[in-house]
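Accompanying notes for the structure given below.
Bear in mind that the values in this text are calculations on the coordinates, not laboratory data. Keep in mind the model is a prediction, meaning the values are calculated, not measured. Here the Cβ positions follow ideal geometry from the backbone for every residue, glycine too, while neighbour counts run over all protein chains shown.
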Amino acid sequence: MTVNGLLYLPSSVSKLVAAYSKIPTSESLHYAIKAFELLREEEAEEEEEADPFLWNSLIRGYSSIGSLDEALKLYIGMVSVGVVPDRFSFPPLLTVCSKILAFEEGQQLHGVLLKIGEEGGVQGDLFIQNSLVHFYVECGEMSCAQRVFDGMLQRNVVSWTSLIDGYAKGDCSEKAISLFHDMVRDGRIEPNSVTMACVLSACARLQDLMQGEKICSYISNSGVGSSSLVNPIIDMYMSCGATEKARQIFDDCKYRDIVLWNIMVSNYARNGMAKEALCVVNEMLLSKQRPDRVTVLAGLSASAQLGAIQVGKQLHAYILRNGLDCWDVVNNSVIDMYMKCRNEKAARKVFDIIRIKILATWNTIINGFVINGDYTSAWEHFNMMPERDLISWNTMICALVQDSQLEEAVGLFRKMQDSELKPDTATLVSVASACGYLGSLDLAKWVYTYTQKKRISRNVRLGTALVDMFSRCGDSRSAMHVFGRMPIKDVAAWTAAIGAMAFEGNGNQAFKLFSEMINHGVKPDGLAFVGVLTAYSHAGSVEEGCTFFHSMSNTYGFTPQIVHYGCLVDLLSRAGLLAEAQALIESMPMEPNDVIWRALLASSRIHRDIEMAEYATKKVLESAPEKSGARILLSNMYASAGRWNDVAKVRLSMRDKGVRKTIGSSKID
């Protein structure tokens with residue numbers, strides 16, 4: 001252009017700027033700006049009125065590369081030189097705001113549009129209104145998107161689809177489906193394949209198979225892009241648990257792209273159908289379709305679920321051969337797979353060769369150590385972390401509780417408070433559990449007060465943990481106070497409250513809570529029955545306890561397990577009905593364990609029945625010969641009865657077998 005003298009022809013420069021702007025790279029836009037400045041100088045000399053076309057072209061170019069600052073700078077420059085923005089100026093600006101979630105800047109642009117109104121020729125412009133709806137949807141501001149949509153004088157399929165998509169992506173899938181039905185009832189705009197894909201996605205999120213099948217029926221009857229909707233249809237069926245139907249459609253597909261293969265593999269893995277997931281991966285390889293990052297992630301998850309380390313190793317080798325180890329999430333999944341397959345050595349090796357370890361990688365290996373019960377290594381790596389997030393702290397606090405390092409868990413929680421991170425529900429569940437097992441009432445009260453002061457979201461899980469904490473600390477009143485304030489109670493919450501009554505031996509109140517739970521439509525589990533039986537046992541209510549035990553199968557259709565027989569043995573034994581307890585043990589439909597026999601032994605000591613104690617001790621040692629408690633109890637009974645020769649025999653027997661007395665301790669303050 002310079003050689004031919006075209007650089008000073010406005011029409012030629014305009015074409016050059018427009019051409020450069022269509023190539024969304026920083027280099028091309030740099031040249032576009034240079035040409036644009038030459039043209040502006042020419043226009044200034046000839047006092048020509050500037051056209052917004054080139055300004056809009058440049059704004060659109062910078063919008064394409066996500067450069068909001070440059071796009072806004074051009075818009076401000078455009079206004080400052082007296083160029084009036086038109087209907088093509090705002091959509092690219094709103095697009096870049098959507099890309100980088102620049103909510104405040106987008107809102108300001110919306111305000112400008114409202115001020116310009118009809119005077120600027122943008123009032124009611126469909127293109128601009130759709131851009132506004134899309135912007136608010138991408139920023140997650142659905143109420144704002146809905147207001148813009150409601151105020152639109154006209155709508156097209158993009159308007160409806162953008163809003164439906166926003167609700168489907170968020171937590172309002174029901175609203176997305178409802179809006180689709182409104183669109184159909186309105187009748188003026190026909191849904192397209194994108195609309196249907198969004199609605200199917202909403203059904204998948206809700207796992208609403210009935211609604212999903214209705215949508216599929218609509219697609220079939222209307223013929224709306226049915227061939228292009230195979231992937232979302234299969235995903236919907238898989239997400240709703242209709243895996244056989246999904247598999248049937250998949251098998252009928254003549255063309256299967258990588259997305260479809262990944263839908264099958266990922267959903268099988270997510271639904272716990274690990275064998276099926278790995279079968280699909282194998283089919284995929286046989287069909288010459290190359291697995292990608294999504295495929296190997298699902299395959300590694302399936303391998304971890306099955307503990308199939310050989311398959312996991314093959315996937316790891318494929319990852320290395322195809323350079324997929326450049327993805328952090330893939331490396332983390334490999335570590336997780338090896339850990340869940342109980343191969344710590346391989347997991348450590350993968351971890352060690354990663355040069356730049358992101359936070360999620362540290363969290364993955366620490367969680368792997370915890371899964372394998374290697375709390376020492378978990379603690380070492382926790383202390384090596386360059387930075388920590390909430391997941392790091394929660395994993396380590398929970399690990400210490402699992403390892404019965406209760407005081408250390410509380411100490412780590414206190415240390416966490418020195419950081420800028422705010423504990424969440426999961427943190428407090430672990431801390432409450434530690435306090436409960438410590439039996440420290442003062443500490444329990446401090447934790448409860450902390451949840452109130454810091455306004456920690458108290459969901460069912462945390463509420464249940466607090467009830468259990470106070471119960472274990474011997475404060476059933478506080479336990480019931482927390483329980484009474486829980487707006488939602490699941491079976492675990494009811495069981496914790498019943499357990500609180502069991503701790504204080506209030507059988508009637510425990511049964512009353514059990515009955516209330518049934519009346520609320522909550523199905524009891526095995527632990528709920530244990531709680532009521534334990535309460536009756538501690539209260540000495542033999543008749544009520546026996547009646548309740550028999551009602552388990554007769555009334556509630558629950559087959560008693562060994563733990564429930566243990567509770568009944570304890571109930572009879574505490575009441576001095578040792579012969580009846582022995583008869584029950586010998587008539588049990590399963591083999592009694594040492595716990596059952598120890599319950600009988602303990603009560604034999606209380607009621608000074610040495611003959612029954614000798615029998616129970618013999619049975620305990622048959623089940624668990626390494627336990628010293630039974631011998632100690634029998635020895636003490638012999639001593640109380642003055643049978644010193646028998647005491648000596650028991651002690652000598654313990655010494656010969658290398659059995660030592662375990663030192664006792666108390667957890668209650």
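Structure summary
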quantity	calculated
Where only alpha carbons of the chain are counted, the Rg and the Dmax (Å)	35.1, 124
Unit charges on C-beta of K, R, D, E only; dipole of segment 300-350, Debye	240 debye
Rounded to 10°, Cα long-axis angle of helix 526-539 versus longest principal axis of the chain	40 degrees
Cross-link reach list, lysines versus Lys349, counting only Cα pairs under 20 Å and skipping chain neighbours closer than eight places	Lys313, Lys340, Lys357
Cα-centred dipole magnitude for the chain, charges only on beta-carbon of K, R (+1) and D, E (-1), debye, nearest 20	3120 debye
Charged-residue dipole, Cβ positions (Lys, Arg, Asp, Glu), segment 410-538 about Cα centre, Debye nearest 20	360 debye
Unit charges at the beta carbon, dipole of the chain: most positive-side option, Ile100, Asn130, His110	Ile100
Charge dipole (the chain, unit charges on Cβ, about Cα centre) - positive-most of Val194, Gly373, Ile215	Gly373
Under the Debye formula (equal points on every Cα, no solvent term), log10 I(q)/I(0) of segment 388-488 at q = 0.13, 0.20, 0.24 Å⁻¹	-0.40, -0.95, -1.34
Per-q log10 I(q)/I(0), segment 59-192, q = 0.14 Å⁻¹ (Debye; single scatterer per alpha-carbon; no solvent)	-0.63
Two-site label geometry, Ser227 and Ile65: point separation in nm, points 7 Å out along Cα→Cβ	3.9 nm
³J(HN,Hα) computed for each position of segment 107-115 - Karplus, 6.51 cos²θ - 1.76 cosθ + 1.60, integer Hz, glycine/proline x	5, 4, 5, 4, x, 4, 4, 5, 6
For segment 355-371, 3J(HN,Hα) per residue [Karplus equation, 6.51 cos²θ - 1.76 cosθ + 1.60, θ = phi - 60°, Hz, x = Gly/Pro]	5, 10, 9, 7, 4, 4, 5, 4, 4, 5, 6, 5, 4, x, 4, 5, 4
Segments 317-330, 160-173, 575-588 sorted - mean Cβ within 10 Å per residue, highest first	160-173, 575-588, 317-330
Length added when fully stretched, Thr547-Leu527, from 0.36 nm per residue minus Cα-Cα	5.4 nm
Options Cys473, Ile518, Leu300, ranked by Cα towards positive dipole end of the chain, top entry (Cβ charges)	Cys473
Pair Ile518, Tyr218: separation of 7 Å Cα→Cβ label points (nm)	4.5 nm
C-alpha long axis of helix 406-416 to longest principal axis of the chain, angle in °	20 degrees
Subset of Lys169/Lys275; Lys415/Lys454; Lys22/Lys115; Lys169/Lys214 violating a 22 Å alpha-carbon distance limit	Lys169/Lys275; Lys22/Lys115
